[in-house]
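First comes the structure, then the notes that go with it.
Since every read-out is calculated from the coordinates, none of them should be taken as a lab result. Everything numeric in this text was worked out from a predicted model, so none of it was measured. Cβ placement follows ideal geometry from the backbone for every residue including glycine, while neighbour counts extend to all protein chains displayed.
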Amino acid sequence: MSPVRKQPDGAGGVWTIPLPASRRVQAAVGDRRLPLPEAVAQLRRRVPAVEAEQVHGAAIAVIERLQSDQGTVPGCDALLTALPNVALVIRSADCLPIFFSDPVRGVVAIVHAGWRGLAARLPMRVVALMLQRYHGRARDLEAAIGPCIRGCCYEVGPEFEQLFGPFVRREQGRLFCDLPAAALAQLAQAGLRPERIHDSGQCTGCRTDRWFSLRKEGPSTGRLASWIQLR
């Protein structure tokens, strides 16, 4: 698994997400120094930016053309496009930002996945739509998981044992769920090659000095901006 890499000095607050097979793709996360409003403002000075509304569902929006007033796409938690020079944006503060690229077909996608999205198998649905719509092959796809809350910090209730069985562990009478592990398993099940699945390994709950965490800091905390762009 490839780690999140900090960009060179001068790109303050931006962390690149490695998608080495996809040289036309730029994927990144803004940390606490570049929270959502500032990150989106910076993006829009360079390219059009399209955001998902994020309703903790499993709907996917395909961006085929840009409208002059397009900013936020309602009712979806995933965005997909083959348009170059368009940034797809999601926000998070514990949920998983998942980045996708098909370097052969020239397609990118981004997913906001909380536990509901993972229970609905949203990562697998995105892969299926990428393959169906653009006639790609799963073995060509590349995916990466950005900073999110992990099994060390994500305490859950007993209902998660039924939803995420092998990804829930019990420790001194408390239950913890490893959502990134569940996402990685879904990506593998969807047919992605292991060497093309990357995990940042960054826990938002452990590192509130770097990332925002709803669980650790409450609803008033900021939001991280994650984006992907086909150049």
Report task. DSSP loop (so not H, G, I, E, B), at most 12 other Cβ within 10 Å: list which trypsin sites (Lys or Arg not before Pro) in the range 64-129 pass both filters. Result -> Arg65
Report summary line: The answer for Gln202, listing residues at least 5 apart or on another chain whose modeled amide H is closer than 5 Å to its amide H, is Cys148
Query raised in the report: Summing Lys, Arg as +1 and Asp, Glu as -1, what charge do residues with Cβ under 12 Å from the Cβ of Ala113 carry, Ala113 excluded?
Result: +1
Report summary line: For the range 106-231, the Cα gyration tensor yields equivalent-ellipsoid semi-axes (√(5λ), largest first, whole Å) of 27, 18, 12
**Report entry** Estimated vicinal HN-Hα couplings, Hz - the range 35-46 in sequence order (Karplus 6.51, -1.76, 1.60; Gly, Pro = x)
**Finding:** x, 3, x, 5, 4, 5, 4, 4, 4, 6, 6, 9
Report summary line: With Gln202 itself left out, Lys, Arg at +1 and Asp, Glu at -1 over residues whose Cβ is under 10 Å from its Cβ give +1
